[in-house]
Structures are given as structure tokens and as C-alpha cells.
Amino acid sequence: MKRIEVKLSLAVVAPLLDVVKSVGDSLHDDLAAPVQLEQIDDDLRNDWRDELIAAQNGDVANLLALFDSEFFSTGVVNLDEDNADAILRACAAVRLCLRQRHLRKVSDEDLEGSDILLEELPEDQRRAFMCYLFLATVQELVIEHLEPAEYTDGAQS
């Protein structure tokens, strides 16, 4: 099984984990990417939505579990093939929520191009933006090192 260890700066990452936890808590009863299910029977729709929310909450819990007591003593997180999909989904859910709730005023070009002057952002937006970038980096690491080549460059390994 492929596994990577990533050494992170505690001083930089620890405050961002508060943002991830806060966003994760806010998603407890909501989907980061709501789906339209009006055509489906009410009972089935409610069951399906509940399952999606439970899966999303489990993914966010898996992401937060990376940052355990070992992380706070060593600064290292371990990513492997077993947690890769859950970590990707959790990062995507939190990033979607950050985009919708905290970074609405930032253009897509600035957000994806990282052409933002941090000192010009209010503190809450600055932390949200830094968290957004951090989670994007985590996603890139997982895709580059743990996902099959077909996801990264279209080639088979």
C-alpha cells in the first residue's frame, strides 16, 4: 500500500484546523453540494440525503483525524490509499463551503490563481482563504501520490 508522510508547520496549520472544524461542524446537517431530489419520493429523498450527509460527516471526521496528537507532537500527517478518497471528498466539501460562505466576494480567477494580497483581506476571509489553499494542496498531494495515473495524466501505469 502506498503511503506518504507530510511534514507541516504546526504554527501555520493549527489555526487552519479550527477553520476546518468550524466548517465541518456547520455541515453537520447540510450538504456542501446540495442535490436536487424533488422528483424522488419523500421518504427515499430523506433517506438518501441522510446517507449523503452521514458520508460527508464521516469524510470530514477522517480528515480531522489526520491531525491527531501525533501530528501536534511531530507535525507529520500520514496519507495512504485507504484514506485517500475520504480525504479528497472532505477537502472538496470544506472548500466548497468556504467558497460559498466566506469567499463569495473573491473572484474565481483570484481564488484559483492565488493572486490575492492577504494583508488586504479581513482576518476571517484571510483564514478562510489560507484554509482553502491548504486543502487544495492536500488534494494535490493525494492525487499526485496516491491516486492512479489515470486521474493525474490520463496514462495507465
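The values are calculated or read from the model by the stated rules, or taken from the named source; none is laboratory data. Please read all numbers here as calculations on a predicted model, not as lab measurements. Glycine gets a Cβ as well: all are built from the backbone with ideal geometry, and neighbour counts include every protein chain shown. Surface accessibility is based on the protein's heavy atoms, side chains included, excluding ligands, DNA and RNA. Shrake-Rupley method; radii C 1.70, N 1.55, O 1.52, S 1.80 Å.
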Could you tell me which numbered condition residue 7 fails, if it satisfies all but one of (1) surrounded by 11 or more Cβ atoms within 10 Å (Cβ to Cβ); (2) under 25 Å from residue 129 (Cβ atoms); (3) touching a residue at least 40 places away in the same chain (Cβ under 8 Å); (4) not small (Gly, Ala, Ser)?
(1)
Filter result (part of a loop (DSSP other than H, G, I, E, B) and surrounded by 14 or more Cβ atoms within 10 Å (Cβ to Cβ)) within the range 10-39
27, 31, 32, 37
Residue pairs, Cβ under 9 Å, 6 or more apart or interchain, first in the range 67-85 and at positive phi, second surrounded by 13 or more Cβ atoms within 10 Å (Cβ to Cβ) and in a helix (DSSP H, G or I). List them.
75/10; 75/13
What number of residues in the range 40-53 are aliphatic (A, V, I, L, M) and open to solvent by 50 Å² or more (accessible area, probe 1.4 Å)?
2
